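Asks: I'd like to ask you about the structure that follows.
The values are calculated or read from the model by the stated rules, or taken from the named source; none is laboratory data. The model shown is predicted, which means the values in this text are computed figures rather than measured ones. Counting neighbours? That spans all protein chains shown, and the Cβs are built from the backbone with ideal geometry, glycine included. What goes into the accessible areas is simple: the full protein's heavy atoms, side chains included, and nothing from ligands, DNA or RNA. Shrake-Rupley method; radii C 1.70, N 1.55, O 1.52, S 1.80 Å.
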Amino acid sequence: MGRYLAQRVGQALLVLAATFTLAFLLLQALPGDAVLIKFLELGLTPEQLADIRIAYGADAPLWQQYLHAMGAFLTGNFGYSIRAGVPVTQLLAENLPSTLLLSALAFAAASLLALVLALLATLGGQGWVRALVRSVPSLFIAIPVFWLGIMLIQVFSFQLGWISIISPEPWEELILPVATIAVPISAPLAQVLIRNIDAVLAEPFVTVARAKGASHAWVLRWHVARNALLPVLTMAGVLFGELLGGAVVTEAVFGLNGLGGLTQQAVANQDVAVLQAIVVISAAAFVAINLLVDLLYPVLDPRLARGRRTA
Amino acid sequence: MSGAALPLRAGWPRLQPGLLLACAVLALVLAWAIAPGLFTARNPVQGIPGAQLLPPSWAHPLGTDGLGRDQFARVVYGARESLAGAFVAVAVGLVLGTGLGVLAGARSGWVDAVVMRLVDTLLAIPGLLLSLSIIILLGFGSIKAAVAVGIVAVAQFARLSRAEVLRVRASDYVEAAYGSGGRFGAVLWRHVLPNSLTSVLALAALQFGSAILALSTLGFLGYGAPPPTPEWGLLIAEGRDFLARAWWLTTAPGLVVVLVVLSAERISRAIGGART
C-alpha cells in the first residue's frame, strides 16, 4: 500500500509539473512580449521599458524565469493581469465563489436527474418507457450547452414568462443556469448508473435475495445502491472538467459574473497570466480529485484492497 | 498471410431504422456542404432590404434574420464551415493522437512513459480551457479553432491506439509474423494497424460529433469564423439578440447541430459494435 501511495502521488505531481510547464511555454510562445503590450500603449521611453522588463523579470534567462514562476505559483502568486492591472489572485478571489456555487448546485441537480433517469430506465414501468428513457442520455450529450441555455430563456422567460429576466431574485437568477449545466452533466452519470444497475441486477446474489423473498425496495437499498453507486466515483475528475467548461459557457450565455467571464476576457485580451492561472488551478483540482478517488476507492471497496495485497 | 482481411467486412451491422436515419442526416448535411446552391437559391451573406425578421414561410422556410438574410440559406451554407472545421479537428486529433499512441504502444519503455504522461497532462486540463489556451496562442479564426479542438482530441486517440496496439501485439498471429521473420515496421503496418482500424474509426466518428459541438461553442463565444460567415454557433449567437421577437433564428441552427451530433454518435456505435 505504501509503495502504491508513493507511486500514485508521484504521478500526480509529475502531471501537475507538466501542466505548469505547458502553461509556462504558452506564455513564452506568445508573439510580441505580451508583458509589455500594455506599457507600449502608454508611450514610455525605451529606458523606462527596459526598467519595467527588469522589474517583471523578463530579461532573465528562460530557465530562471521558469523556476521563478514555478516558485511563485507554489506560493499562490499567479502574477499580474495585464489588462486589469491587479494581481491574478485578486481576480480569482472575486470570481471563484460564484462559479463554485453555480457548479455545486448544477452538480447536485445533475446527480438527482441522473438518478431519476437511471431508476426509470432500469426499474420503471413498461418496456417501452425504459427503452425511451435509455435514449435520453445520448440526446443530452448532443445538445450544445449554450443553445440549451438560450432555449430555456426562450421558453421560460419569453414564452411562459415564469422567470423574470429584468430584475430576478438572486435564487431566481440561478434556476436556468443550473438547469443548463446540469442537463449535459447528468448524461454520462446516468449512462454509467444504468450500466451498473443492469450489471448488479443480473448478479446471482440479487436472484438469491429475491428468491428468499426480499422486496424490491430491500434489493435496491441493500444490494443495488452500494454496488452501483461506487463506480460513479471514478468519473469525478472528468465530471469536474465538464462542470467547469459548462459553467464558463453558461456564464457567458446568462451574463453572470464568475470564472467564465474572467476566462472570456482573458482570451479576448490575450491576458495570458489569467488564463494560465485558471488552467493550472483546474488541472490541479482534476489531479487532486482523481488522486483522492484512487486512494479512497480501496477503503470503500475492500475487495480491491485485498486484491492488491495478494497480487 | 496476405489475407489481412479488412476488419470492416467482418460483419456489417444489421440495418436499423435509427442508423439509416443517422446516415441520411449526415448525407444531407454533407450535400449541403458540397453543393449548397442546389438546396437554396438565396444569398447567405447578402440580406434583402425590408425583409428583416420575417417568420418562417414558404419563401423563407426558417425565416429571415436582422439583416434580412434567409436563415435557411445561412444554415445550409453553414454546413461547409462546420463540417470542414470538424474534419480538420478530427484529422489533427487522429494523426497526432494515433501517431503518439502507436509510438507508445510499439516502443514501450521510457518512450511509452513520456508519451502517456503527456497524454495524462492533456487530459488533466478541461477540454474547453485547453482549446482556449491554444486559441489565445494562435488567434481567432475557423481553422485555428478547428486545430484547437483537434488538440483536445489527441489524448483520446493516443490512449485508444496505444491500447489497441498492445492488444493486437499480444495476439498469436503477430507473434507468428515475427517468428516467420517479419520486421517491426512491416508487422506494424500489415497486422497491427489494420486490426486497430475499427475502434479508431469508431472513435473518429464520435469525435466528429464532439468537434461539431465544440466548434459551435467556440463560434458562439466569438473565437471562430468572423461575423458575416454563416457558422452554426455564430448563427445562434447572432439570433440571441432577437430572442424575444424571432425564436426561429436560434432554434433552427441548434436543432441541426443536435441532429448531426446524434447521427455521428449513432454511426460511431454501429462501427464500434461491428467488431464484436
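Asks: Collect residues whose amide H, placed 1.01 Å from N in the peptide plane, falls under 5 Å from the amide H of B:THR64; neighbours closer than 5 in sequence don't count.
Replies: So B:THR64 has HN proximity to B:LEU53, B:LEU54, B:GLN71.
Asks: Between 0 and 90 degrees, rounded to the nearest ten: what's the tilt of helix A:62-74 against the longest Cα principal axis of chain A?
Replies: Roughly 50 degrees between the two axes.
Asks: Using C-alpha positions alone, give me the convex hull volume of region A:230-311 per residue in cubic angstrom.
Replies: Per-residue hull volume (Cα only) is 98 Å³.
Asks: Taking the protein assembly as shown, how much of its Cα-Cα pair set, in percent, is spaced more than 39 angstrom apart?
Replies: The calculated P(r) of the protein assembly as shown puts 36 percent of pairs beyond 39 Å.
Asks: Moving on. Modelling each spin label as a point 7 Å along the Cα-to-Cβ direction, I'd like the A:GLN126/A:ARG210 distance in nm, to one decimal.
Replies: About 2.2 nm, to one decimal.
Asks: Same structure again: Going 7 Å from the Cα of B:TRP58 toward and past its Cβ, which residues in region B:222-252 have a backbone nitrogen under 17 Å from where you end up?
Replies: It comes to no residues whatsoever.
Asks: Modelled label-to-label distance, A:ALA6 and B:ALA91, 7 Å Cα→beta-carbon offset: nm?
Replies: 4.9 nm
Asks: When the scattering of region A:91-305 is computed by the Debye formula from its Cα atoms alone, each counted once and equally, what is log10 I(q)/I(0) at q = 0.09, 0.10 Å⁻¹?
Replies: -0.45, -0.55
Asks: Using a Förster distance of 22 Å, how high is the FRET efficiency between A:ALA84 and A:ALA17, based on the Cβ-Cβ distance and rounded to 0.05?
Replies: 0.20
Asks: Using the Cα centre as the reference, give the magnitude of the dipole from point charges on the C-beta atoms of chain B (Lys, Arg: +1; Asp, Glu: -1; all else neutral), rounded to the nearest 20 debye.
Replies: For this selection, approximately 500 debye.
Asks: Spin-label point model (7 Å from Cα, Cβ direction): what's the B:ASP172 to A:ASP301 distance in nm?
Replies: So the label points at B:ASP172 and A:ASP301 sit 3.3 nm apart.
Asks: Report, to the nearest 10°, how far helix A:170-201 tilts away from the longest principal axis of the Cα atoms in chain A, using its own Cα long axis and a range of 0 to 90°.
Replies: Tilt of helix A:170-201: around 50 degrees.
Asks: Moving on to the next point. Within 10 Å of each Cβ in peptide B:115-124, how many partner chain Cβ atoms are there on average? Round it to a whole number, please.
Replies: Partner-chain Cβ atoms within 10 Å, mean over residues of B:115-124: 6.
Asks: Here is a follow-up. Enter the angle in degrees (range 0 to 90, nearest 10) between the Cα long axis of helix B:109-124 and the first principal axis of the Cα atoms of chain B, meaning the one along which they spread out most.
Replies: Around 20 degrees separate the two axes.
Asks: In terms of modelled amide H atoms, which long-range or inter-chain residues lie less than 5 Å from the amide H of A:TYR80?
Replies: Amide H to amide H, under 5 Å and 5 or more residues apart or across chains, A:TYR80 pairs with A:VAL88.
Asks: Oh, and also: Quick check on chain A: helices-only [θ] at 222 nm, where DSSP H runs of length 4 and up contribute -39,500 (n - 2.57) each and the sum goes over total residues. Nearest 500, please.
Replies: -24500 deg cm²/dmol
Asks: Something else now. What 222 nm value per residue comes from the helices of chain B, counting each DSSP H run with n ≥ 4 as -39,500 (n - 2.57) and dividing by all residues, nearest 500 deg cm²/dmol?
Replies: -23000 deg cm²/dmol
Asks: How large, in percent, is the carbon and sulfur part of the accessible surface of the protein assembly as shown at a probe radius of 1.4 Å?
Replies: 68 percent
Asks: Could you sort A:62-68, A:15-21, B:168-174, B:216-222 so that the peptide with the highest average Cβ count within 10 Å comes first and the rest follow in order?
Replies: In decreasing order of mean packing, A:62-68, A:15-21, B:168-174, B:216-222 become B:216-222, A:15-21, B:168-174, A:62-68.
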